[in-house]
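Worksheet: one structure, shown below.
The values are calculated or read from the model by the stated rules, or taken from the named source; none is laboratory data. Because the structure is a prediction, the values reported are computed rather than measured. With ideal geometry, Cβ positions are generated from the backbone for all residues, glycine too; neighbour counts draw on all protein chains shown. Heads up: the accessible areas ignore ligands, DNA and RNA and are worked out on the full protein's heavy atoms, side chains in. Shrake-Rupley method; radii C 1.70, N 1.55, O 1.52, S 1.80 Å.
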Amino acid sequence: MNRLLETKAITKKFGGLAAVSDLNIWLDFGELIGMIGPNGAGKTTVFNLLTGVYEPTEGDISFADQRINGLKTFQIARIGAARTFQNIRLFKNLTTLENVKVAGHMNTHSGLYASLFKTHSQLTSDSEIDGRARKMLEAMNLSHAADIRAGDLAYGLQRRLEIARALATSPKLLLLDEPAAGMNPQEKQELMGLIRKIREDFSLTILLIEHDMKLVMGICERIYVLDYGKIIAQGNPSEISRNPKVIAAYLGEDYSDDTALETP
Amino acid sequence: MIGKSMRFWIVRFLTIVGILLGMFFLSKIITDNLDSYYYQILIQCGIFITLAVSLNLINGITGQFSIGHAGFYAVGAYVGASWTLLWQPRFLHSAPFLQMGTTFGDAINLVIALVLGVLAAAMAGFVVGLPSLRLRGDYLAIVTLGFGEVIRIVVLNIDEVGGARGLSGIPTLVSTGGMAVFWVFLLVIAVVVLSKNLLQSVRGLTWLAVREDEIAADAMGVNTTKVKVTAFVIGSAFAGAAGVLYAHFFTGISPDVFDMNTSIVITTMVVLGGTGSVTGAILAATLLTSLPEMLRFLKDYRMVIYSLSLIIMMLTRPQGLFGTKEIGWKSFHRRRRTSAGGSAAA
Amino acid sequence: MLTISNLTVFYGAIQALDSISLEVNQGEIVTMIGANGAGKSTTIRSISGLVRPRSGEIIFEGKPIQELPAHEIVKIGIGQSPEGRRVFANMTVRENLELGAYTRLQKKVEVSSDIEKMFTLFPRLKERERQSAGTLSGGEQQMLAIGRALMTRPRLLLLDEPSLGLAPFLVQSIFQIIRDINRQGVTVLLVEQNANQALRIANRGYVLETGNVVLAESAENLLKNDDVRKAYLGE
Amino acid sequence: MQALLQNLIYGVQLGSLYALIALGYTMVYGVLGLINFAHGDVYMVGAYVGFYACTKWLPFQDISVHPEAAWHNLGMAFITLMLAILLCAALGMLIERFAYRPLRNGLKDLDAHFWGFVIALPLTAKFITIASPFGLISFIGVGIVVGYVMRPLIKHLASRIKLTSSRLNALITAIGVSLLLENGGILLFGANPNFIPNLLPERKFNLPGGISVQSGQMAILAVSLFLMISLRYIVLYTKPGKAMRAISYDIEAAKLMGIDTDRVISFTFAIGAGLAGAGGAMVAAFTHIKITPLFGLQPGLKAFVAAVLGGAGNIPGAVLGGILMGVAEAFVAGSKYVSYRDAIAFCLLILVLLFRPSGLLGKNVVEKV
């Protein structure tokens, strides 16, 4: 079996309201999956459930053959699920390099004692992390900005740094929450290339939320459509764009007139 | 050939011995030449630097809004004083080497008092750190403040430690032979060096990450719970040590020494110095400890001027004296483009 | 109607706008397009008084307004629907709309009739009149945000990313509504990620890059411009 | 049972007072997210206004000599209450205008001048006695001149200001204002405790079951209730009330509605400070407690705890928190653990927050991810 992630009938209620109900999704190793749906459909809630920010009210989540509901966010991150955030959440007052180093800290062999007393082993392990982080920046074309305060980076670079930081945790699964939000078409184009590239280079499985249909349809192999916390359709891009339910709830009738469907 | 690691430890050992010797002679010189009034101010400065830098670990670096630091200071002071005044005599019979009066006897008692005070304060820090897992920002602040008050009131109600009158006649373990400066500034060096080491390590970055964005830090695999509680434990342990030294230098403690105002003064030092900046905390602690003394000639107007300078400082330089910058020896300097340093709180 | 000349804005040490100039004529829909961080939102926020420019002039109907506080600017006829909608989540839809008419709240009859007008423009809001705004869907919140801005009775309406985060089919109707509002005599200055749609309903457009206006043309010409097509329309 | 009820009555009275002060905290917290530490000191100023009004400014008559003057004194007491409310409201607005607004909007010329003026006051007070009108005028005159001279200096200090939204900054500023009021109070009112003698006829009402209520207690309770109900009306149904709510949700969006946020915030401070002032004056007048410049500290802190207990920013929450705390304190004070009465507030708080991190009635805000 090559399932990386599977949810079994998960439901999340806030108060009485179900933000997500009876959700069954799965991801196989190496897949690139999209998740679309109107605002408030529960897409980000799904991400929060998968990363342990919320605990499901009902149902099970298994990740890498392990039941992960109830685990804390940092534990899930350590098992190998990394994410980016819709509203960029960088450590603004740290530099670009330091942001990535935080994510690389899991590889440190030395404990708190070592950090406080600056032991030899800590120095070596820290310089290893430093080296890895610099490589990661190189991979994401961010080396030139290593010493700039993250909050001062240009918007597009901030989005890229979010991905670099997530990659530095050495994940198996990468969850991207609207990675192209606020980018212009040219930047989106570059981002698509980058997503494909990191999937290859780091042998990742990727799940992404995105509103830009061109991007989603362009790179995703399979798409889940969410509405009111439920999966209303799933399938490959061409199936989705023809699905009447999806057109009614999300895409709209004249969708194909305005947004080119063909892959770029 | 000596291995790399071996050489590292030899250098480390020699540095420490060097510092200890240097400090020892320096403190002798200072004690012999300084007027006792300024001597007291110097000790006060040292104690408040320790308090401010240790609170900076919790408040500035980890971003936990704690404003009840005097509580831990009190725990250290009372537990330490209880050892020398109340518990030590009981052990004296079976362990005669605990006899005070000689340099060795004083030192051993002080070390025991320090260990007990630090442990107790660290434990208190652990207990107070726990709510920080659920509470954020102002809510946490008021709980820490409340905790400080509860400690004070509890102490007030324990007759064994003198209640409202406090404890007096604590043996002056540190003042014989000019050792006060030595001990106090040893503590200052310890807290500053540890803070600096932490800030320069990757682990320290994870602490800063908790301050910057807890949710993101969590998602990067940082055990934020552990970081926050650890910050509380280490920060309060140092405050406890400062308390022990205070008790044994000023030889008298009472609950008012550790009231809300003290907590507030320590918090002010951290903010005034620039939240997160160790150098800033040191400078602000020195300034705020000596300022009231320097203003003494103003008599009644002293505290009015003091409060006014506080307000005007905040209105004209809200990021504190240093922002998040550090000054000092080269390695201390974190080359980070600073912004408004205040984003620590909230 | 609105003339901006040499507007420069700094956030701390970072320059957000570098001496930009633009104008909006009575009855037009003007759109600003550009990458994130190009300064579109900053321009809008400077007009509505949320950001103080370091230098430059903003003249609305002959009067300089760059020194006026935000609430005065609302009073002289400039309304804004902010980025991210920012409705008052714990208040009902009706209360939100009422707050739009805050400056003339004592004229109860007039305010209710204006609210009725909003309900004809956005029938969905009528259905949710007593519901708290936080429970609305993204599209409904956007309608509420626009409705709330219209309640200030603006002659110039500033719209900051009205289609952000909406489902594609809702995007269509939001642009339709903007066109309707404009036909009723409200001048519109529109900031949009969705340059394609924005240019289709606009008369003129400005292209912003890193705090500068790099192109100012009729919308038609911009739609034809090769550079624009490549950079912002994704063709 | 009798003792229980008696404690309950005392607790509710005490609690209504805490609630009155807590409302100021919670309203300011609601609109600005600021812990207005100086609020307890405004309560102290209210008590002093009460003291001066009763003993110096107003023609109260000694009721032990003229028992028939009771109605006259009651009228005067009403004027005292109004004075306390108005003066404290003005003080609240002043604090907001010059200490907190510069944190939001930056330091303007007027702010610099004001602080220069305030710095000048203690320095000139050393040389000029303010007892005579001439002294007072020259005192203020010197202040204005010195303020004018200081202005460029303060402006220069602030020239590289970076506005931050840091709560710690706001908190330290508030603490500074609190210290200023306390120490200014010591200069102005003297450090010795004062108290107001009996001015109103005191009656003890005996209720069935052997419980008794003091007329002073009843008055405090009644006035507090009246003020709280008025506040609720203001917040829910008036224009500034609506604006206050809008600001507390989203200050920037409120500006875009044409709301003059600075004015509404000023109004909020005025109301909160007025309520605290009323509380201070009533306590001073009815309970004959000794008032000192530091007298606002403990009740202020407890009221703040009450506000947090109920859910900071939540108006009914502040009332509930206040009453709850008053009752708890009354029961502890009536038991053998009386020496722990000041600790109970915090124990209660810690307990409640552990189970409801946003207070009893506070909305549990889930941070948006």
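Applying the Karplus parametrisation 6.51 cos²θ - 1.76 cosθ + 1.60 with θ = phi - 60° to the phi angles of segment D:56-61, what ³J(HN,Hα) value in whole Hz is obtained for each residue in order, glycine and proline being reported as x?
With the stated coefficients, segment D:56-61 comes to 10, 7, 10, x, 6, 10 Hz.
Can you tell me how segment D:266-366 classifies by the Cα gyration tensor, rounded, prolate or oblate, using a/c under 1.5 as the rounded cut? Provide the component values of the computation, followed by the final result.
Working: a/c = 2.39, a/b = 1.13, b/c = 2.11.
Oblate.
Just to check I understand the Karplus step: with θ = phi - 60° and J = 6.51 cos²θ - 1.76 cosθ + 1.60, what whole-Hz values come out for segment D:107-116, glycine and proline as x?
Running phi through 6.51 cos²θ - 1.76 cosθ + 1.60 with θ = phi - 60° gives 7, 9, 3, 4, 4, 4, 4, 4, 5, x Hz.
For B:Thr279, D:Thr287, give the ranking by accessible area with the largest first, probe 1.4 Å. The partial results should precede the final answer.
Working: B:Thr279 20, D:Thr287 65 Å².
The ordering from most to least exposed comes out as D:Thr287, B:Thr279.
Roughly speaking, to the nearest percent, how much of segment B:35-259's 1.4 Å accessible area is carbon and sulfur?
Looking at segment B:35-259 in its full context, I get 67 percent from C and S.
Ranked from highest to lowest mean number of other Cβ atoms within 10 Å per residue, what is the order of the peptides A:55-67, C:142-154? Mind showing how you got there, number by number?
Working: A:55-67: 15.6, C:142-154: 24.9.
The packing order, highest mean first, is C:142-154, A:55-67.
In square angstrom, rounded to the nearest 10, how much accessible surface does A:Lys230 have for a 1.4 Å probe?
Counting only protein heavy atoms, the figure is 110 Å².
What's the buried accessible area, both sides, between A and C using a 1.4 Å probe, rounded to 100 Å²? Don't skip to the answer; put the middle values down first.
Values: alone 12880 and 10930 Å², together 22250 Å².
Using a 1.4 Å probe, the pair buries roughly 1600 Å².
If you take each beta carbon of peptide A:28-39 and count the beta carbons of other chains within 10 angstrom, what is the mean? Let's see the in-between values first.
Values: counts 0, 0, 0, 0, 0, 0, 0, 0, 2, 1, 9, 12.
Shielding by partners across A:28-39 averages 2.
Farthest toward the dipole's positive end in the protein assembly as shown, which of A:Ala248, B:Phe48, C:Val109, given Cβ charges of +1 (Lys, Arg) and -1 (Asp, Glu) about the Cα centre?
B:Phe48
Restricting to bridges with both residues inside the protein assembly as shown, how much of the DSSP beta-bridge set is antiparallel, in percent to the nearest 5?
Values: 48 of 82 bridges.
DSSP beta bridges in the protein assembly as shown are roughly 60 percent antiparallel.
Amide H to amide H under 5 Å from B:Gly68: which residues, 5+ apart in sequence or cross-chain, H placed 1.01 Å off N in plane?
Distant-sequence amide H within range of B:Gly68: B:Leu145.
Please give, to one decimal in nm, the separation of the simple spin-label points placed at B:Phe25 and C:Glu217, each 7 Å out from Cα toward the Cβ.
Between B:Phe25 and C:Glu217, the label points sit 7.9 nm apart.
Taking the full set of protein chains and a 1.4 angstrom probe, give the accessible area of A:Trp26 in square angstrom, rounded to the nearest 10.
Roughly 70 Å² of A:Trp26 is accessible to a 1.4 Å probe.
Which residues among segment C:178-215 fall inside the zone where the amide N is under 14 Å from a point 7 Å beyond the Cα of C:Ser21, along Cα→Cβ?
Answer for segment C:178-215: C:213-215.
Run lengths n ≥ 4 of DSSP H only: what is the helix-derived mean residue ellipticity at 222 nm for chain B, with -39500 (n - 2.57) per run over all residues, to the nearest 500?
Details: 13 runs with 229 residues, N = 346.
Per the formula, -22500 deg cm²/dmol.
Inside 10 Å of the C-beta atoms of B:261-270, what's the mean count of C-beta atoms belonging to other chains?
Values: counts 4, 0, 0, 7, 2, 0, 4, 6, 1, 2.
Taking all residues of B:261-270 together, the mean is 3.
Ignoring ligands, DNA and RNA, how much accessible area is buried between chains B and A, both sides summed, with a 1.4 Å probe, to the nearest 100 Å²?
Numbers: alone 17340 and 12880 Å², together 26720 Å².
Rounded to the nearest hundred, the buried surface is 3500 Å².
Once the dipole of chain D is set up with Lys and Arg at +1 and Asp and Glu at -1 on Cβ about the Cα centre, which of D:Ala222, D:Leu86, D:Gln6 lies farthest towards its positive end?
D:Leu86
Please report the relative contact order for segment C:2-232, taking Cα pairs under 8 Å with a sequence separation of at least 6, and give it as a percent rounded to a whole number. Don't skip to the answer; put the middle values down first.
Values: 441 pairs, mean separation 64.7, N = 231.
Computed over segment C:2-232, the figure is 28 percent.
Return the average number of partner chain Cβ atoms within 10 angstrom of each residue Cβ along peptide C:75-81.
Working: counts 2, 1, 0, 1, 3, 5, 2.
Counting other chains' Cβ atoms within 10 Å and averaging over C:75-81 gives 2.
What distance in nm lies between label points placed 7 Å from Cα along the C-beta direction at D:Ala70 and D:Leu294?
Once both label points are built, they end up 3.9 nm from each other.
In sequence order, what are the phi-derived ³J(HN,Hα) couplings for segment C:12-25 according to the Karplus relation 6.51 cos²θ - 1.76 cosθ + 1.60 with θ = phi - 60°, rounded to whole Hz, with x for glycine and proline?
x, 8, 9, 7, 9, 10, 10, 6, 9, 10, 7, 9, 10, 9
Taking all pairs of different Cα atoms in chain A, averaging 1/r and flipping that mean, what Kirkwood radius in angstroms comes out? Don't jump to the answer; show the numbers that get you there.
On the way: mean 1/r = 0.0515 Å⁻¹.
Kirkwood radius, chain A: 19.4 Å.
Taking the Cα centroid of segment D:290-369 and of segment B:186-265, what is the distance between the two, rounded to the nearest whole Å?
Distance between centres, Cα-based: 27 Å.
What's the tally of Lys pairs in segment C:2-232 whose alpha-carbon atoms lie under 25 angstrom apart, where the two lysines are 8 or more places apart or on different chains?
Close lysine pairs under the 25 Å cut-off: 13.
Calculate log10 I(q)/I(0) of the protein assembly as shown for q = 0.04, 0.06, 0.07, 0.09 Å⁻¹, where I(q) comes from the Debye formula with a single equal point scatterer on each Cα and nothing for solvent.
Those come out to -0.25, -0.57, -0.77, -1.25, one per q.
Ignoring everything except DSSP H segments at least 4 long, calculate the 222 nm mean residue ellipticity for chain A; use -39,500 (n - 2.57) per segment, divide by total residues, nearest 500.
Numbers: 10 runs with 97 residues, N = 264.
Counting only the DSSP helices, I get -10500 deg cm²/dmol.
Kyte-Doolittle mean at least 0.5 and Cα extent at least 27 Å along the axis: which DSSP H helices of chain B qualify?
What comes out of the filter, once short or polar helices are dropped, is B:4-33, B:36-56, B:103-129, B:137-156, B:179-200, B:224-250.
Of all DSSP beta bridges in segment C:2-232, what percent run antiparallel (nearest 5)?
Values: 21 of 39 bridges.
The answer is about 55 percent antiparallel.
If you count, for each residue, the other Cβ atoms within 10 Å and average over each peptide, how do D:204-216, C:13-25 line up from highest to lowest?
In decreasing order of mean packing, D:204-216, C:13-25 become C:13-25, D:204-216.
Where Rh is the Kirkwood radius over the Cα pairs of segment A:157-220, the temperature 10 °C and the viscosity 1.306 mPa s, what D in µm²/s does Stokes-Einstein return? Present the calculation step by step, with values, prior to reporting the outcome.
Details: Rh = 11.9 Å.
This corresponds to a translational diffusion coefficient of 134 µm²/s.
With unit charges on the beta carbon (Lys/Arg positive, Asp/Glu negative), name the residue among B:Gln99, B:Val202, B:Gly162 whose Cα is farthest towards the positive pole of the charge dipole of segment B:35-259.
Sorting the options by dipole projection puts first B:Val202.
Might you report the magnitude of the Cβ-based charge dipole of segment B:35-259 about its Cα centre, with Lys and Arg at +1 and Asp and Glu at -1, to the nearest 20 debye? Write down the numbers at each step before the final one.
On the way: 10 positive and 12 negative charges, 79 e Å.
I would put it at about 380 debye.
Under 19 Å from a point 7 Å along the Cα-to-Cβ line of C:Lys108: which residues of segment D:229-251 have their amide N that close?
D:233-243
Given chain D, what count of lysine pairs have C-alpha atoms under 18 Å apart, with each pair 8 or more places apart or on different chains? Working shown, then result.
Numbers: D:Lys56/D:Lys290; D:Lys108/D:Lys155; D:Lys108/D:Lys162; D:Lys239/D:Lys255; D:Lys242/D:Lys255.
Within chain D, the lysine pair count is 5.
Give the B-D buried accessible area in Å², both sides summed, 1.4 Å probe, nearest 100. Write down the numbers at each step before the final one.
Details: alone 17340 and 19600 Å², together 31880 Å².
So the buried area, both faces added, is about 5100 Å².
Report the charge-dipole magnitude of the protein assembly as shown in Debye, nearest 20, computed about the Cα centre from +1 at each Lys and Arg Cβ and -1 at each Asp and Glu Cβ.
Numbers: 107 positive and 89 negative charges, 238 e Å.
So the dipole magnitude of the protein assembly as shown works out to roughly 1140 debye.
Could you tell me the convex hull volume per residue, in Å³, taken over the Cα atoms of chain B?
Values: hull volume 57.5 nm³, N = 346.
Expressed per residue, the convex hull around the Cα atoms of chain B is 166 Å³.
Cα-based Rg (one decimal) and Dmax (whole number) for segment C:2-232, in Å?
For segment C:2-232, the Cα-based Rg and Dmax read 17.2, 53 Å.
Suppose we compare each residue of segment D:21-58 in its chain alone and in the full protein complex with a 1.4 Å probe; which ones drop by at least 40 Å² of accessible area?
Output list: D:Phe37.
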